[in-house]
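A.B. asks: Before we start, here is the structure in question, set down as structure tokens.
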Amino acid sequence: MSEILKRAPDLEVHEVPDGYVVYQNKRDNVCYLNKTAAIIFEFCDGNLESDEIIARVAKVFDLGSSVHEEIRACMDALVKEGLIQSSTT
Amino acid sequence: MHGRTGEGGVDPIQHDVIVRTLDRRFTLRAPDRSVYEAIRYLDCTPDISGPAPREVTIAVESGRDYYRIVQDGIDIRQVVGTRAVVEYLHLLLFQASIEDRPRTALLHAACLRRGRQRLLLAGSKCAGKTTFALRLLQSGYEIEGDEHVFIDTSGVIARPRGCRVKASALPILTEMAETIGRAPSYTDDANNKIFNVDPRMLGSTWRIEPGEVDVVIVLHPNHGGYSSIRPLPSTAMVQLLMAEIGLRETARGASIAALAKLAMRAKAFDLSLGDHSSALRCVELALDGQDGDRGAVEPHR
């Protein structure tokens, strides 16, 4: 089984020079994403599996497999905050 | 503030205090000298760009042991004592000023201009916004407001209100203290005397106009210490300003968008506010764009 990640509905995403400011209408909550988190958030478009996102983000920053766990932790945080949703296929 | 005599010389002398909001011009009509002196604390007559304001008259009338507050011929409140008159009118005028922009967020910040540049001083209560704004005024800056700005995606406009200066701040404002001490005042429940200062009293102008912001400075008090400034990443700026913004119930998302747009356009700095001379130099550097590498500090959630 593979894990697919996509953006949660009802978000207002505002780009600022160093990342994103995201407003969650349902929760009336504001989240601040730094550039790395914003890139991970962008990859979560419902088309890519989580492992693929990790590989692509590592490639964007020209980093090795040592950072995979950190990218995974960031994706988990985005899920926990309700910014992205996870589904298995 | 205007004194006037009733038509035909029949009515006693009446005194009016004028209070502007963005869209309205309130004439507060006092029945006697003591009420007039008290409500002068609310006086607010900046030059505001835009269409002519709507005229509203509120009369304070003397009853046997109380005052009636009358608007459009309707008795809207009865209170005892001049202090209660001031407090009620203060609340009424604050609500009116907010109603002028019902869907626009209100940011707790002083608003100043230096030439064509606009600067916001944000910070929590007692951070020193007004005192430092007056120090900047002394150095040629123009104060638009010392307390609130309305903020939307097109920029900001100061909520009209005179500068409120605590008597306890006068020792810091040495050269201005005597003039400020002549301004109308109010003494609060904790016996703190507060002056209502029109920037024109201090030789400046007082003009309020809408526009974009060039620099946002978030103040953190460092009373008795040195001043220092550092660039603030925009996400951190939005995060800090969220603590100082009043979001309107019906337009929360729009208010976040306004803050994000402010973060896109304006440079942001964190100022540890100690001695005013070095703080002034810090602000000059910020406005002159000598801000070093703004991207050097990584934002965090």
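A.B. asks: If B:ASN191 passes every condition in (1) farther than 17 Å from B:LEU134 by Cβ; (2) away from every other protein chain (no Cβ under 14 Å); (3) at pLDDT 95 or above but one, which one does it miss?
C.D. replies: (3) is the only condition that B:ASN191 fails.
A.B. asks: Still on this model: When residues of the stretch B:124-137 are filtered for being outside any loop (DSSP other than H, G, I, E, B) and small (Gly, Ala, Ser), how many remain?
C.D. replies: 1
A.B. asks: Keeping to the stretch B:271-287, report how many residues are crowded, with 19+ Cβ neighbours inside 10 Å and basic (Lys, Arg).
C.D. replies: Selection size over the stretch B:271-287: 0.
A.B. asks: Quick one: which of B:ALA84, B:ALA96, B:ALA110, B:ALA38 is surrounded by fewer than 20 Cβ atoms within 10 Å (Cβ to Cβ) and either assigned to a strand (DSSP E or B) or over 15 Å from the mean Cα position of the chain (by Cα) (or both)?
C.D. replies: B:ALA84
A.B. asks: Give the residue, chosen from B:VAL213, B:VAL218, that is part of a loop (DSSP other than H, G, I, E, B) and within 30 Å of B:THR153 (Cβ to Cβ).
C.D. replies: Testing whether each residue is part of a loop (DSSP other than H, G, I, E, B) and within 30 Å of B:THR153 (Cβ to Cβ) leaves just B:VAL213.
A.B. asks: Now for a different question. Say we look at the stretch A:1-51 and pick out the residues that are in contact with a Ser or Thr (Cβ under 6 Å, 6 or more places away or on another chain) and not in a strand (DSSP E or B); which of these is farthest from the other protein chains (Cβ to nearest Cβ)?
C.D. replies: A:MET1
A.B. asks: Return the pair list, or none, for Cβ contacts closer than 6 Å from residues in the stretch B:84-104 that are without any contact (Cβ under 8 Å) to a residue 24 or more places away in the chain to residues that are outside any loop (DSSP other than H, G, I, E, B) and of a type in the set (Val, Ile, Thr), at least 6 apart or on different chains.
C.D. replies: B:TYR88/B:VAL79
A.B. asks: If you go through the stretch B:256-270 one residue at a time, do you hit one that is within 14 Å of chain A (Cβ to nearest Cβ), of a type outside the set (A, V, I, L, M, F, W, C) and surrounded by fewer than 18 Cβ atoms within 10 Å (Cβ to Cβ)?
C.D. replies: yes
A.B. asks: How many residues are without any contact (Cβ under 8 Å) to a residue 24 or more places away in the chain and touching a helix residue (DSSP H, G or I) at 6+ places or on another chain (Cβ under 8 Å) when one looks only at the stretch B:206-255?
C.D. replies: Matching residues across the stretch B:206-255 total 1.
A.B. asks: While we're here: Taking the stated definitions as given, is A:VAL79 in contact (Cβ under 8 Å) with a residue 60 or more places away in the chain, closer than 19 Å to B:GLY253 by Cβ and outside any loop (DSSP other than H, G, I, E, B)?
C.D. replies: Taking the combined requirement at face value, the residue does not satisfy it.
A.B. asks: Shifting gears a bit: Taking B:LEU121 as meeting all but one of (1) over 18 Å from B:ALA279 (Cβ atoms); (2) assigned to a strand (DSSP E or B); (3) in contact (Cβ under 8 Å) with a residue 40 or more places away in the chain, write down the number of the exception.
C.D. replies: For B:LEU121, the failing item is (1).
A.B. asks: Take the stretch B:116-155 and flag every residue that is surrounded by fewer than 24 Cβ atoms within 10 Å (Cβ to Cβ), more than 16 Å from B:SER168 (Cβ to Cβ) and of a type in the set (Val, Ile, Thr).
C.D. replies: B:THR153 - this is the single residue of the stretch B:116-155 that is surrounded by fewer than 24 Cβ atoms within 10 Å (Cβ to Cβ), more than 16 Å from B:SER168 (Cβ to Cβ) and of a type in the set (Val, Ile, Thr).
The values are calculated or read from the model by the stated rules, or taken from the named source; none is laboratory data. Worth saying up front: this structure is predicted, and the values here are computed from it rather than measured. Cβ: placed from backbone, ideal geometry, glycine included. Neighbour counts: every protein chain shown.
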